[in-house]
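Q: One structure coming up, written as structure tokens, with questions to follow.
The values are calculated or read from the model by the stated rules, or taken from the named source; none is laboratory data. In this text the structure is predicted, and so the values were computed from the model without any measurement. Because the Cβ atoms are built from the backbone with ideal geometry, glycine has one as well, and the counts that use them run over all protein chains shown.
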Amino acid sequence: MTLEVSNVATETDLTFTEVSNTVDFPKLERDLLKWWKERRVVEQYLTKNDCAAEKFSFIDGPITANNPMGVHHAWGRTYKDLFQRYHAMLGKEQRFQNGFDCQGLWVEVEVEKELGLKNKREIEDFGIANFVERCKERVWKYAAVQTEQAIRLGQWMDWDNSYYTMSDENNYTIWHFLKTCHDRGWIYKGHDVMPWCPRCGTGLSEHEIVTEGYQERTHLSVYVALPLDGEDASLLVWTTTPWTLAANVAAAVNPALDYLLVDQDGKRYYVAKDAAMQALKGDFQVVSEVTGADLVGKTYRAPFDSLPANAEVIHRVIAWSDVSSGEGTGIVHIAPGAGKEDYALSKEHDLQVIDPINQFGVYVEGFGWLSDKYVHDVATRIERDLRDQGVLYRSHQYTHRYPVCWRCNTDLVFRLVDEWFINMDGLRDRLMEVTREINWC
């Protein structure tokens, strides 16, 4: 059998379009974007399910419009786009609305850098209104940049209908919500001790500290003797924040721990039994052994009692089950105006609250030579003052994890502040009832 083949091209008849041996990926992206635009692909996609029987509501958790997007932003937006495409394929109507977070502190930090401002006072001198306008300008600039980046990523959204958290609509809605809460008697003014940046003059949330807020820091730590009333002995306390001693009102012990009364060079100190070897330096003799419960109720004298701010303070020993002997002396100095746990203890034990510093970390009137001094500049002077009074047992530099401001890297302080709260009593049950009525599908 003979097979005849005709019209077969020879090798010399074949022609190919020349292919580059390198790939220009950005050009491929631009070509595809152009193709989509010419054929109104995205526009058709966004509207093809209009008036569908079923809706899918997706609220974009916006990124801050502060800088160009990073890889982590692109990653998140890719997931969001994929999720919405899936529901579009199911035939569900959607808004396809992108969002921009416009009021994040990151915006303010970058504008501060642009203007060369170093602290809150300089912002106020520049003018709050002027500063806000500069922040808005930065938001508009980088919202546009991020939009173009997202389009290049191939994200399909209704870009002309993006929402901005700085919009009047959003702000008036928030104010309306707060007004409603006020009209119904749910808003009240209270006090709390919170992490505070003295450089920025503002508080930080616990979330900000947990996620980005701890660094290795080395601080002067001091062991201080607090002489007991009516007894020739002192409580030995340890702190890594000497500035808080000026606001001391109490000393806390664990009622369940064992404590030693020791004699060292003619002076007597109370210290937790398991902490004695690490806290005390040099030879000592044990005079007696007691429990923490035996110390509760005793009163003592503090090193800054002569200051006007402390004129009416009665210092006493209180019980606190969280006190441990693993570090320090097993006796904790308590300053409710300068510590979150301390403030909680003041409510539990009806302790006085001394508020020592202002929003810029400067001691207020009533603290003698400390008044008008910056809180982070006084550690060595306080050490010297304690030594002059004869109550400094010892001091040393101590390295530990300490909270700092993620915006400016300043060591934080804990400060007593006025705060507004929404009273949730009576609202919780109603909120839970509403959630049961919502279709979460």
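Q: Hey, does the range 331-344 have a residue that's over 23 Å from Met194 (Cβ atoms), in contact with a Phe, Trp or Tyr (Cβ under 8 Å, 6 or more places away or on another chain), modelled with pLDDT of 95 or more and not basic (Lys, Arg)? Give the derivation first.
A: In the first step, residues of the range 331-344 are kept if they are over 23 Å from Met194 (Cβ atoms); the result is 331.
Add one more test, that the residue is in contact with a Phe, Trp or Tyr (Cβ under 8 Å, 6 or more places away or on another chain), and what stays is 331.
This time we only want the ones that are modelled with pLDDT of 95 or more, so: 331.
With the extra rule that they be not basic (Lys, Arg), the set shrinks to 331.
For the range 331-344, residues over 23 Å from Met194 (Cβ atoms), in contact with a Phe, Trp or Tyr (Cβ under 8 Å, 6 or more places away or on another chain), modelled with pLDDT of 95 or more and not basic (Lys, Arg): present.
Q: I'd like to check which helices (runs of 4 or more DSSP H) are fully inside the range 338-441 and have at least 3 residues that are over 30 Å from Trp186 (Cβ atoms).
A: Values: elements: 340-349, 379-389, 428-437.
Filter on the range 338-441 gives 379-389.
Q: Can you pull out the residues in the range 415-441 that are in contact (Cβ under 8 Å) with a residue 40 or more places away in the chain and acidic (Asp, Glu)?
A: Matches in the range 415-441: Asp418, Glu419.
Q: Now, a different point. Do we find that Ala74 is under 14 Å from Gln146 (Cβ atoms) and part of a helix (DSSP H, G or I) in this structure?
A: Numbers: under 14 Å from Gln146 (Cβ atoms): yes; part of a helix (DSSP H, G or I): yes.
So Ala74 fits the description; yes.
Q: Then there is this: Can you name every residue in the range 359-408 that is closer than 19 Å to Gly213 by Cβ and either free of Cβ contacts under 8 Å to residues at least 24 places away in the same chain or among the basic types (Lys, Arg) (or both)?
A: Arg401, Arg407
Q: Are any residues in the range 126-159 polar (S, T, N, Q), surrounded by 13 or more Cβ atoms within 10 Å (Cβ to Cβ) and part of a helix (DSSP H, G or I), and if so, which ones?
A: Gln146, Thr147, Gln149
Q: Here are some conditions: (1) touching a residue at least 40 places away in the same chain (Cβ under 8 Å); (2) aromatic (Phe, Trp, Tyr); (3) more than 26 Å from Asn170 (Cα to Cα). Tyr142 meets all but one. Which one does it not meet?
A: Among (1) touching a residue at least 40 places away in the same chain (Cβ under 8 Å); (2) aromatic (Phe, Trp, Tyr); (3) more than 26 Å from Asn170 (Cα to Cα), Tyr142 violates only (3).
Q: Pick from the range 355-409 the residues that are of a type in the set (Phe, Trp, Tyr) and over 23 Å from Arg301 (Cα atoms): which of them is nearest to the chain's Cα centre (by Cα)? Don't jump to the end; show me each part of the working.
A: Kept after step one, since they are of a type in the set (Phe, Trp, Tyr), are these residues of the range 355-409: 360, 363, 367, 369, 374, 393, 398, 402, 406.
If we keep only those that are over 23 Å from Arg301 (Cα atoms) too, we end up with 360, 374, 398, 402, 406.
On the way: Phe360: 18, Tyr374: 22, Tyr398: 24, Tyr402: 13, Trp406: 8 Å.
It comes out as Trp406.
Q: Considering each residue of the range 11-63, count those that are among the polar types (S, T, N, Q) and surrounded by 10 or more Cβ atoms within 10 Å (Cβ to Cβ), and give that number.
A: Just the residues of the range 11-63 that are among the polar types (S, T, N, Q), to begin with: 12, 15, 17, 20-22, 44, 47, 49, 57.
Okay, now just the ones that are also surrounded by 10 or more Cβ atoms within 10 Å (Cβ to Cβ), so 44, 47, 49, 57.
Of the residues in that region, 4 qualify.
Q: Could you tell me whether Leu235 is among the hydrophobic types (A, V, I, L, M, F, W, C) and surrounded by 20 or more Cβ atoms within 10 Å (Cβ to Cβ)? Give the derivation first.
A: Numbers: among the hydrophobic types (A, V, I, L, M, F, W, C): yes; surrounded by 20 or more Cβ atoms within 10 Å (Cβ to Cβ): yes.
Answer is yes for this residue.
Q: Looking only at the range 299-335, how many residues end up being part of a strand (DSSP E or B) and crowded, with 21+ Cβ neighbours inside 10 Å? Quick ask: steps written out before the conclusion?
A: Filtering the range 299-335 down to residues part of a strand (DSSP E or B) leaves 299-300, 315-319, 332-334.
Narrowing the set further to residues that are crowded, with 21+ Cβ neighbours inside 10 Å leaves 300, 315, 317-318, 332-334.
Qualifying residue count for the region: 7.
Q: Hey, any hits in the range 265-276 for a residue that's part of a loop (DSSP other than H, G, I, E, B) and surrounded by 16 or more Cβ atoms within 10 Å (Cβ to Cβ)?
A: No: the range 265-276 contains no residue that is part of a loop (DSSP other than H, G, I, E, B) and surrounded by 16 or more Cβ atoms within 10 Å (Cβ to Cβ).
Q: Continuing with the same structure: Tell me the residue from Val222, Val210, Val286 that is among the hydrophobic types (A, V, I, L, M, F, W, C) and modelled with pLDDT under 95, please.
A: Values: Val222 fails: modelled with pLDDT under 95; Val286 fails: modelled with pLDDT under 95.
Every option except Val210 fails the conditions.
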